[in-house]
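Working notes, structure below.
The values are calculated or read from the model by the stated rules, or taken from the named source; none is laboratory data. Quick caveat: nothing in here was measured; it's all calculated off a predicted structure. Glycine also receives a Cβ, built like all others from the backbone with ideal geometry; neighbour counts cover every protein chain displayed. In case anyone asks, the SASA skips ligands and DNA or RNA and just uses the protein heavy atoms, side chains included. Shrake-Rupley method; radii C 1.70, N 1.55, O 1.52, S 1.80 Å.
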Amino acid sequence: MNTSIRVTLDGSSAEVPVGTAVREVLERLRPDLAGQALGVRAGEEVLDLQRRLTQDAKLEVVTAADGDPGALYLLRHSAAHVLATAVRELWPNAGIGFGPPIEDGFYYDFDVPRPFTPEDLEAIEAKMREVVEADHPFERREVSRGEARALFADDPYKLERLEEIPEGDVISVYRDGPFLDLCRGPHLPRTGLVQHFKLLSAAGAYWRGDERRLMLQRIYGTAFFSRQSLERYLHRLEEAKRRDHRMLGKQLDLFSIQEDGGPGLIYWHPKGAMLQFLLRRFIEDELLKRGYELVYTPHLASEALFQRSGHLQAYAELMFPGMELEGEVRGYRVKPMNCPMHMLIYASQQRSYRDLPKRYAEVASVYRFERSGTLHGLLRVRSLTMDDAHIFCTPEQIEDEVLGMLDLVDHVMTTFGFEYRLALSTRPAKRIGSEDLWDAAETALRRALERRTLAYALDEGGGAFYGAKIDCKFHDAIGREWQGATIQLDFVLPERFGLAYIGPDNAPHRPAMIHRAIFGTLERFIGGLIEHFAGAFPVWLAPVQVRLLPVKEGHRAAAADLAARLRAAGFRVELDDRNETVSYRVRDGEVLKIPYILVIGEREASAGTVAVRRRGAEEKQIVMPVEAFMVQLRREVAERSRDPVQSLTAPAGRA
Ligand SMILES: [Zn+2]
Ligand SMILES: [Zn+2]
């Protein structure tokens, strides 16, 4: 039996006895870092310094250096224990559930007699400071099952967890000061390293997410290694709250979800519908310029079609149940995707290589049965509107087609001011289609990316079993990432539908097929736009571009004339002639984030000028001739300018 193991740490290695603690290895191989090391990374796993090594290992030191995810993991896992330590001090009888680190923070679940109040959170935070001040070491101990049972005899949730640990697995407990937890770790060396933290909220949470079990009280918090990072994060949270698309959707009267209508189904009110209309027009105009053809297909189809496409086999749990019509043996289903329909259109006649590529585009709503618990505003819905397209081409045409799509993605992302990144996912272990086919497809995707000189991440083996793909993720104004366009090759559907084209050799060949969506779904994309622009849409996209305010009764006619003139010129205009003061109506227009508010008073009515208030501008208002204003507005719309302040000049002086 081996009594020694080989451990490599940041490149240098040593032979050490089995059971040597990480700390000892560190002191031997990287004594310079022994003071700063918080733990080590072993492949995917992060180990704390007390962990005893039982097999050969390749380790890397984890320090608090900026943005090290391993360090943050250690910190937040430790912060959860500090939280539980504090709660147990204040509520000695509190039951303890799970307390893991999560993305951006941590939580811990407690069984307490009543929900936590904001005052409780303050008291707990103060107590946590004491635990940090005390600088308790986190002590790891491996124990037998019997010993663990005795230690947690009063903690039913821990006992339940204990019984699930498979026989033969290591059972470890961690102590910091008075608090003992059944936990796998890892943790920081001491509580004193948890310096910059904040409790964020408390909410009920069912034990193990099971609504038949007891509801526990969950406290969420976050922790960072520097005050600046914590403050930056808290600021981002505030910004996210201010930009929340559900809140702005209500405030700007864009959309609603109706209780009577059912969850996950969006009602677009006139202003939200205008947004959607403008986005559709934008993308459809682009598609027509790029040689796509529009198609419209039914929202409903016989199950036979979804049987043939394979959706009923592979996708059943996301499809709404069937409905039987006129006693037909096979039911009908609402469509979860448009692909089968577009396949039928392609297959409706014989195709020649001269007809290819065929690009069918359809902005269409599809329906997916997402669990009610997962629905979220516009981001996860049951009725989703895709800017979908399916391209049928020869294998040799894939590269150029993908290049064209990447160009469109770039155009759309740039128009909205989104930074984005691309990832190429290649053949997975389980796949269909010949190696030749995959070689050709992957080469085509890679070459298209390279021809556009785009940097991309490579997700080796991350493709779907039916084809390789390119995904686009974009960043909004506050740095959050959103799922955007997908470009997906598909070897299965052309096969299942027996698609063919006649080649130059007069023989039938199988076409290649590409699914692609640029916005993804309009629901999610509009949700993203609302948050990105915080509801202040650029002029070309604003549901209302101009609001007119007559100062007095006597200026109404002039304002109505101007409204008609602007509308006839293609602008979206509202007249606010309510019996309210001008300042009240100006404020109201600002709350609705309308780009331009024009005030029409005596001088304007007689001189053919307007007093223009620009959204977000520093000056109060600019008086200018109506003509000049219209020229500016037209240019801003044509350029899809994102910043009205920069593009409006003041030719007629200030008011
Ligand atoms: Zn832990
Ligand atoms: Zn498709």
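Region 155-206 holds strands (runs of 3 or more DSSP E) entirely within its bounds, and those carrying 1 or more residues that are open to solvent by 40 Å² or more (accessible area, probe 1.4 Å) and not assigned by TED's automatic domain parsing to the domain that holds ASP48 map to 171-176, 196-206. The residues of region 513-531 that are open to solvent by 10 Å² or more (accessible area, probe 1.4 Å) and touching a helix residue (DSSP H, G or I) at 6+ places or on another chain (Cβ under 8 Å), listed by number, are HIS515, GLU531.
For the structure I just gave you, tell me whether ILE165 is within 16 Å of ligand 1 (Cβ to nearest atom) and more than 32 Å from the chain's Cα centre (by Cα).
Working: within 16 Å of ligand 1 (Cβ to nearest atom): yes; more than 32 Å from the chain's Cα centre (by Cα): yes.
Spelling it out, ILE165 is indeed within 16 Å of ligand 1 (Cβ to nearest atom) and more than 32 Å from the chain's Cα centre (by Cα).
Somewhere in region 438-455, is a residue in the same structural domain as GLU396 (by TED's automatic domain parsing), open to solvent by less than 30 Å² (accessible area, probe 1.4 Å) and over 14 Å from LEU403 (Cα atoms)? Yes - at least one qualifying residue is present in region 438-455.
For every residue, the table says whether it meets (1) within 16 Å of ligand 2 (Cβ to nearest atom); (2) among the basic types (Lys, Arg); (3) farther than 30 Å from HIS342 by Cβ; (4) assigned to a loop (DSSP other than H, G, I, E, B).
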residue: THR486; (1), (2), (3), (4): yes, no, no, no
residue: PRO538; (1), (2), (3), (4): no, no, yes, yes
residue: PRO543; (1), (2), (3), (4): no, no, yes, yes
residue: ARG556; (1), (2), (3), (4): no, yes, yes, no
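Checking the condition of a type in the set (Lys, Arg), open to solvent by less than 90 Å² (accessible area, probe 1.4 Å) and outside the structural domain of LYS198 (by TED's automatic domain parsing), which residue from ARG23, ARG28, ARG51 passes?
It is ARG51.
For region 226-270, taking the residues that are within 22 Å of the chain's Cα centre (by Cα) and of a type in the set (Gly, Ala, Ser), the one that is farthest from ASP68 (Cα to Cα) is identified as SER256.
The lone criterion from (1) more than 18 Å from the chain's Cα centre (by Cα); (2) away from ligand 2 (no atom under 15 Å from the Cβ); (3) buried (at least 19 other Cβ atoms within 10 Å of the Cβ) left unmet by ASP476 is number (1). Against the criterion of being crowded, with 21+ Cβ neighbours inside 10 Å, more than 16 Å from ligand 2 (Cβ to nearest atom) and of a type outside the set (D, E, K, R), SER78 qualifies. Summed over region 1-20, the residues that are surrounded by 14 or more Cβ atoms within 10 Å (Cβ to Cβ) and at positive phi give a count of 1.
When restricted to residues that are farther than 20 Å from GLY272 by Cβ and either surrounded by fewer than 21 Cβ atoms within 10 Å (Cβ to Cβ) or touching a helix residue (DSSP H, G or I) at 6+ places or on another chain (Cβ under 9 Å) (or both), region 540-566 contains 18. For region 616-641, a residue qualifies if it is basic (Lys, Arg) and either buried (at least 19 other Cβ atoms within 10 Å of the Cβ) or over 27 Å from ASP253 (Cα atoms) (or both), and exactly one does: ARG635. For beta carbons closer than 7 Å, sequence separation of 6+ or different chains, a first residue in region 309-323 that is hydroxyl-bearing (Ser, Thr, Tyr) and a second that is open to solvent by 30 Å² or more (accessible area, probe 1.4 Å), the qualifying pairs are SER309/ARG496. Among the residues of region 393-408, is there at least one that is more than 16 Å from ligand 2 (Cβ to nearest atom) and either of a type in the set (Phe, Trp, Tyr) or not assigned by TED's automatic domain parsing to the domain that holds LYS473 (or both)? No: region 393-408 contains no residue that is more than 16 Å from ligand 2 (Cβ to nearest atom) and either of a type in the set (Phe, Trp, Tyr) or not assigned by TED's automatic domain parsing to the domain that holds LYS473 (or both). Considering region 169-214, and only residues there that are within 16 Å of ligand 1 (Cβ to nearest atom) and of a type in the set (S, T, N, Q), the residue that is farthest from LEU237 (Cα to Cα) turns out to be SER172. Kindly indicate whether MET341 is away from ligand 1 (no atom under 16 Å from the Cβ), among the aliphatic types (A, V, I, L, M), closer than 23 Å to ARG510 by Cα and open to solvent by less than 30 Å² (accessible area, probe 1.4 Å). Answer is yes for this residue. Count of region 498-512 residues, restricted to those that are closer than 30 Å to ALA304 by Cβ, open to solvent by 10 Å² or more (accessible area, probe 1.4 Å) and in a loop (DSSP other than H, G, I, E, B), is 4. Taken together, ARG359, ARG333, ARG354 contain a single residue that is farther than 22 Å from GLN483 by Cα, without any contact (Cβ under 8 Å) to a residue 12 or more places away in the chain and of a type outside the set (Phe, Trp, Tyr), which is ARG354.
Considering region 102-136, and only residues there that are within 14 Å of ligand 1 (Cβ to nearest atom) and surrounded by fewer than 21 Cβ atoms within 10 Å (Cβ to Cβ), the residue that is nearest to the chain's Cα centre (by Cα) turns out to be ILE102.
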